[in-house]
Amino acid sequence: MGNVFGRKSRPTRVTEQDKAILQLKQQRDKLKQYQKRIALQLDKERLLAKQLLKDGKKEKALLLLKKKRYQDQLLDKTENQISNLERMVQDIEFMQIEMKVIEGLKVGNDCLKSMHEIMSVEDVERILDETHESIEYQRQIDEMLAGALTQEDEDAVLAELEAITQGDDVALPEVPTEPILEVPEAAKAEPERREAKNKRDREMLAA
């Protein structure tokens, strides 16, 4: 229990605008209370003026109605003051909203500036060009492969892909088991002797 009652509440941030709004609303509420009190008093005085007229006291009734007329004018002024106060409260509250919007725009603008410093317009254009080139290159390869492979080739590729997916070994050509015949040394030297003989014949003709 001590922790609950001893816990310090976080201080709220009350701005000057908040204080102004609070004061304006308090003044508005006081004027509304005054307005209600005057309205009740006017109703009583109107009934009293009727009673004075019935009693033949016309002068007193007339004086009372003049007072009532003055208080009616005060009510009109009070209503205008209340309207002005409410309008001012709305203007301040709307200005607070606009200030928050401007602060948000400022933060967003600073963020965009920092991002622009990291990556310039030239970098973005270069990346877009490289991406376009890569896509175009891949498209050309796809077109070449699509035109070069027959349906039989396509079926073979799909079968090989299926075999790899299932973990089967792809069939490779068998290695020949028969021994390779060796070429005799005489047969290897025959081209060299023939080239030497042709060279001597060319030299004799030239002489």
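Could you check the range 76-106 and list, in sequence order, the residues that are closer than 12 Å to Q35 by Cβ and basic (K, R)?
Scanning the range 76-106 gives a single hit, K77.
I need a count of the residues in the range 68-93 that are over 30 Å from Q17 (Cβ atoms) and open to solvent by 100 Å² or more (accessible area, probe 1.4 Å).
2
So which of L24, L64 ends up being closer than 23 Å to T78 by Cα, out of contact with any Gly (no Cβ under 9 Å at 6 or more places or on another chain) and touching a residue at least 60 places away in the same chain (Cβ under 8 Å)?
L24
Looking at (1) open to solvent by 100 Å² or more (accessible area, probe 1.4 Å); (2) modelled with pLDDT of 80 or more, which one does Q96 not meet, given that it meets all the others?
The single condition Q96 does not satisfy is (1).
Each row is one residue, and each column tells you yes or no for (1) in a helix (DSSP H, G or I); (2) out of contact with any Leu (no Cβ under 6 Å at 6 or more places or on another chain); (3) at pLDDT 75 or above.
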site: D123; (1), (2), (3): yes, yes, yes
site: E133; (1), (2), (3): yes, yes, yes
site: D142; (1), (2), (3): yes, yes, yes
site: G147; (1), (2), (3): yes, yes, no
site: A156; (1), (2), (3): yes, yes, yes
site: A159; (1), (2), (3): yes, yes, yes
site: V170; (1), (2), (3): no, yes, no
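The values are calculated or read from the model by the stated rules, or taken from the named source; none is laboratory data. All values reported here derive from a predicted model rather than from experimental measurement. As a convention, Cβ positions derive from the backbone with ideal geometry for all residues, glycine included, and neighbour counts pool all protein chains shown. For accessibility, only protein heavy atoms count, side chains too; no ligands or nucleic acids. Shrake-Rupley method; radii C 1.70, N 1.55, O 1.52, S 1.80 Å.
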